[in-house]
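Read-outs: derived from the displayed coordinates by stated rules, not from any lab. Keep in mind it's a predicted model, so treat the numbers as computed, not measured. Reconstructed Cβ throughout: ideal geometry from the backbone, glycine too, with neighbour counts over all protein chains shown.
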Amino acid sequence: MKMRLLAGIALLTLLAGCVVIYPARIVMPLNTRVVDAESDNPIEGAQVLRIVCDVHDTRCRNGRVDRGETDSTGNIKMSGDRKWGVWAAGPGGIPVPNHQIAIWKEGYYAFVFSQYGQIEHIKEFTERDDIIEAIDAIPADRKEHGALDDPDKMFSGGKIKLQKTGKW
């Protein structure tokens, strides 16, 4: 019994610097304004799709699908989410959300943002019909954007400029 107790204490001591308990961000809030690229006027009624999967969940089994539309001022506001847990430093030990965001309206190219990879890759690997159907709903006329295209536009109150079709 003493050996088990000592072994347990030794293990906890070794892990003390590697394990933390806190509410990890699993979904970033979406807070942006959608405008016409030429006139800078707000676009009301644009469709918004947000799919969030953890990068370690390659099949997006536990992913989240949110839908909405822009209001009369072109604004999108979708809440974020945190999850309490015991997290370990290192690969796979802490949630890393992978956001896929699509915004579209008839007459405009769809704005498609993929934080890591491309949105079509999620469709290839997932077994969830709701995610496949959501991605299939995005118009084929689109402009793809990645993590290097300033994700703060979406997450921190920036502007997304939709270009009219035929202008690209």
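Key figures for this structure:
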{"read-out": "Label-point gap, in nm, between S39 and N62 - each point 7 angstrom along Cα→Cβ", "value": "4.5"}
{"read-out": "Reference-scaled alpha-carbon Rg (2.2 N^0.38 Å with N residues) for the range 2-162", "value": "1.29"}
{"read-out": "Inter-label distance for I94 and D136, nm, one decimal - labels placed 7 Å from Cα along Cα-to-Cβ", "value": "3.8"}
{"read-out": "Protection-proxy order for peptides 109-119, 39-49, each taking the mean of Cβ atoms within 10 Å per residue, highest first", "value": "109-119, 39-49"}
{"read-out": "5 angstrom amide H check on H145, placed H, neighbours 5+ away", "value": "V112, F113, S114"}
{"read-out": "C18/E127 FRET efficiency (R0 41 Å; Cβ-Cβ; nearest 0.05)", "value": "0.80"}
